[in-house]
Amino acid sequence: MNDLVPSSMSNTPPERIDFNTPALRRKRRLRALKDRLTRWYVLIGGLAVLVAITLIFFYLAYVVLPLFRGAELDAGKPLAPAWLKTAQAPLLLSIEEQNQVMMRVGTDGQILFIDLSTGDAVSRQDLKLPAGTHVVSIAEDQPGHPLVALGLSNGQVLVFRHSYKISYPDNRKVITPQIEYPYGETPVTLDAQGQPLAHVALASGDDSLLLAASAGSAMMLLNLSSRENMLTGETTLEQERVDLPQIAEPIKAIYIDPRKQWLYVINGRAQADVFDLRTHQLNGRYKLLDHADSEVTASSQLLGGISLMIGSSKGSISQWFMARDTDGEPRLSHVRDFRLGRLPITAIVPEQRRKGFIALDDGGNLGVFHSTAHRTLLMQQIAPGDGALALSPRANRVLLEQGGVLHTFSLNNPHPEVSWSALWSKVWYESYDKPQYVWQSTAATTDFEPKLSLAPLTFGTLKAAFYAMILAAPLAIAAAVYTAYFMAPGMRRKVKPVIELMEALPTVILGFFAGLFLAPYVEGHLPGIFSLLLLTPLGILLAGLLWSRLPERIRLSLPDGWEAALLIPVVLAVGAFALWLSPHLETAFFGGDMRLWISHDLGITYDQRNALIVGLAMGFAVIPNIFSIAEDAIFSVPRSLTYGSLALGATPWQTLTRVVILTASPGIFSALMIGLGRAVGETMIVLMATGNTPVMDVNIFQGMRTLAANVAVEMPESEVGGTHYRVLFLSALVLLTFTFVMNTLAELIRQRLRKKYASL
């Protein structure tokens, strides 16, 4: 009987396994070590990522912060040479490029070139003035042009040019001032009656010179043009005199537009008469100041000569330039105002390379301003009272001659072009009819007004992401839902890797394909593309209806979850039909050319590389990201929830919409946010598939420029440390901040969704 008793029921004690052998102890120690190393590796890796992102943020901020700093003015050692105490008051002070030599023009026609390090006179040159005459007025050409006109007491004008020759004898730098007379040493007569020229102005061209002057209430205009004899090579000057109406009010200043279109005459207390130099007629009479008890005390032209800066007796400075009004007529328009204080403005000196200027008031207060940025960078008292003011070509040296003393100052003002309003608000730029958002960082001329608005770039970034998400989000989420919930496992194992493989396609290839093939193809098949958007869902619904009407034995012959395979030929057939139908629709409804119909009949601008192309190409690139994350989130919903819902009588569709999607909503939302972040930061597709035009227009047929594409295009040509360079870094900082804020909000929303639906 004992042989029939199972061994498990015998009295023999079971064999005990020893878990404390040396081999097992070593294995446990090794596993614990691996756990600790992995834990520390993940912790250090996560912290390193956070530190790297934080360092990137602080580095971008470090590069950007100098843009918003003001100017700094440091006083140098005053110079009081003996010759200055007995010299007459200067008409003009000018500094050469190297800040080593200053030119001083006196009323006696004597030009002194002064060494700014010592105050000693380098050279003296007497201008060739007629006997018994003296200088009454003086005018410089546009900032940066070394041409000077002297109005004489006998009604004549003498024009000269100052230049500086640099040589290196014995390896020592020597600057030699020179005076030239490009229009001859003999003064040109403007007033035949010989009255003193109280005011004079000039504007030079390639082979012509336009002179304007006033003598009392009379205005004179003279055009000098040089003609070269092709046979002898001799150059002769031809004069063309123009009579202008007299000015009733006392004249304070005269300015000529460098394009020789307008003549500005500032007269009376605060009035400007503008003459059209093409018709020689009065364009209009404009009131420059609103206060009845204020008057114009100083004026100047900015770099380029388009803008007039008007200083008042109340300490304000206003900017004016010609712009077209609502009727399309050019009018002198009041653009913006600056304020230095409450004392009268005595001098306004423009910069020679930027749209900035400095101003001095009657109390010796100096202000540093920039017109386009509408920015006041510095207000500081430098000396009591007014005096003769000069600014160096590089805008880093300021001179003030006052009471026999030459005050010198070092000015540090590297980035005046940037302000909050210049970056994000509409700005009224020169020659524009109204304030606009414009990005144009470079130009071919030196008098260029930088247009650094980030608004069109930010708008373009959001526009590109919006149209990409319109295509990608519905397709990716719907595909993820069907793949994870309805599709057969065998088919899912084939479909999901193929869609995820799309992400491996380089974006530069997508951009190249979109720019060179897709854009012209869509342009030529616009009716077919829009028909495809309408016919595809109708074709799928019709295919489903026909499938439901087939005999049951045919429908049951297809395994569950494989129905989507039947839609592949349906979609291909609908696409082919829509594209075949395209030319017929274009001929029947759009006169044979839908693009011309959109442009001419609807008045909508059509660019070949537009937001539609970006939406198609970038949407194709974003779909794999959204699909993969959303599909994993839906597939990870516990089957117990699905089976429980079905067991309680819910249909599969009710289970999907009320249980599965709600439970997976945090993951789906994360997928959408990651896809949006990918679309916002995309560079190559936008760079190659759009016209890179920084415009603010929601038109789907027009291009755009994004922040990322702008940085990629312009960073290689920007000067390291310059304003353009730092603004591009600011673009990167804006992009990083936008992504950080968007991801933070997305995470907060995801956590709320997860907490809300965790009980399902």
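The values are calculated or read from the model by the stated rules, or taken from the named source; none is laboratory data. What you see is a predicted model; the values in this text were computed from it and never measured. Glycine gets a Cβ as well: all are built from the backbone with ideal geometry, and neighbour counts include every protein chain shown.
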Item to check | Looking only at the stretch 596-619, and only at residues there that are part of a loop (DSSP other than H, G, I, E, B) and of a type in the set (A, V, I, L, M, F, W, C), the one that is surrounded by the fewest Cβ atoms within 10 Å (Cβ to Cβ) | outcome: Leu602
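So that you can scan it fast, the table gives a plain yes or no per residue for (1) in a loop (DSSP other than H, G, I, E, B); (2) in contact (Cβ under 8 Å) with a residue 24 or more places away in the chain; (3) closer than 20 Å to Pro435 by Cα; (4) within 34 Å of the chain's Cα centre (by Cα):
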| residue | (1), (2), (3), (4) |
| --- | --- |
| Lys314 | yes, yes, no, no |
| Ile317 | no, yes, yes, yes |
| Asp337 | no, no, yes, yes |
| Leu400 | no, yes, no, no |
Next on the checklist: I need the full set of residues from the stretch 710-760 which are out of contact with any Pro (no Cβ under 9 Å at 6 or more places or on another chain) and small (Gly, Ala, Ser), in order please.
Outcome noted: Ala712, Ser718, Ser731, Ala732, Ala746, Ala758, Ser759
Checklist outcome for this item: When the stretch 91-147 is checked residue by residue, the ones that are of a type in the set (Lys, Arg) and not in a strand (DSSP E or B) are Lys128
Checklist outcome for this item: From the option list Lys165, Lys173, single residue qualifying as within 40 Å of the chain's Cα centre (by Cα), surrounded by fewer than 12 Cβ atoms within 10 Å (Cβ to Cβ), among the charged types (D, E, K, R) and in the same structural domain as Leu224 (by TED's automatic domain parsing) is Lys165
Checklist entry - If a residue has to be surrounded by fewer than 18 Cβ atoms within 10 Å (Cβ to Cβ) and either within 40 Å of the chain's Cα centre (by Cα) or under 25 Å from Pro350 (Cβ atoms) (or both) to count, how many in the stretch 107-137 make the cut? => result 1
Next on the checklist: Looking at Ala272, Ala248, can you tell me which residue is out of contact with any Phe, Trp or Tyr (no Cβ under 7 Å at 6 or more places or on another chain) and hydrophobic (A, V, I, L, M, F, W, C)?
Outcome noted: Ala248
Item to check | the stretch 175-194, residues that are of a type in the set (A, V, I, L, M) and part of a strand (DSSP E or B) | outcome: Ile175, Ile179, Val188
Checklist entry - Of all residues in the stretch 468-513, how many are within 38 Å of the chain's Cα centre (by Cα) and in a helix (DSSP H, G or I)? => result 23
Checklist entry - Restricting to helices (runs of 4 or more DSSP H) lying wholly in the stretch 631-709: which have 1 or more residues that are in contact with a Pro (Cβ under 9 Å, 6 or more places away or on another chain)? => result 639-647, 661-681, 684-689
Checklist entry - When you go through (1) closer than 19 Å to Val711 by Cα; (2) in contact with a helix residue (DSSP H, G or I) (Cβ under 8 Å, 6 or more places away or on another chain) one by one for Pro414, which number turns out not to apply? => result (1)
Item to check | Test: Leu535 is hydrophobic (A, V, I, L, M, F, W, C), over 41 Å from the mean Cα position of the chain (by Cα) and not assigned by TED's automatic domain parsing to the domain that holds Ala465 | outcome: yes
Checklist entry - What's the number of the condition Thr346 fails, among (1) crowded, with 19+ Cβ neighbours inside 10 Å; (2) not in a strand (DSSP E or B)? => result (2)
Item to check | One residue from Ala292, Ala270 being surrounded by fewer than 17 Cβ atoms within 10 Å (Cβ to Cβ) and modelled with pLDDT under 95 | outcome: Ala292
Item to check | Qualifying residue in the stretch 340-348 (condition: in contact with a strand residue (DSSP E or B) (Cβ under 7 Å, 6 or more places away or on another chain), closer than 21 Å to Asp273 by Cα and not hydrophobic (A, V, I, L, M, F, W, C)) | outcome: no
Checklist entry - Since Ser640 meets every condition but one in (1) modelled with pLDDT under 90; (2) within 27 Å of Ile749 (Cβ to Cβ); (3) among the polar types (S, T, N, Q); (4) in contact with a helix residue (DSSP H, G or I) (Cβ under 6 Å, 6 or more places away or on another chain), which condition does it not meet? => result (4)
Item to check | Subset of the stretch 196-220 [outside any strand (DSSP E or B), modelled with pLDDT under 90 and not acidic (Asp, Glu)] | outcome: Gly205, Gly216, Ser217
Next on the checklist: Tally up the residues in the stretch 697-710 that are crowded, with 19+ Cβ neighbours inside 10 Å and not basic (Lys, Arg), please.
Outcome noted: 9
Next on the checklist: I'm checking my understanding of the structure. Among residues of the stretch 523-573 that are of a type in the set (D, E, K, R) and in a helix (DSSP H, G or I), which one is surrounded by the most Cβ atoms within 10 Å (Cβ to Cβ)?
Outcome noted: Glu523
Item to check | Residues of the stretch 141-158 that turn out to be under 39 Å from the mean Cα position of the chain (by Cα) and within 16 Å of Ile111 (Cα to Cα), as a count | outcome: 4
Checklist outcome for this item: If we ask which residues in the stretch 468-494 are modelled with pLDDT under 90, surrounded by fewer than 17 Cβ atoms within 10 Å (Cβ to Cβ) and either within 19 Å of Ala664 (Cβ to Cβ) or among the aromatic types (Phe, Trp, Tyr) (or both), their number turns out to be 2
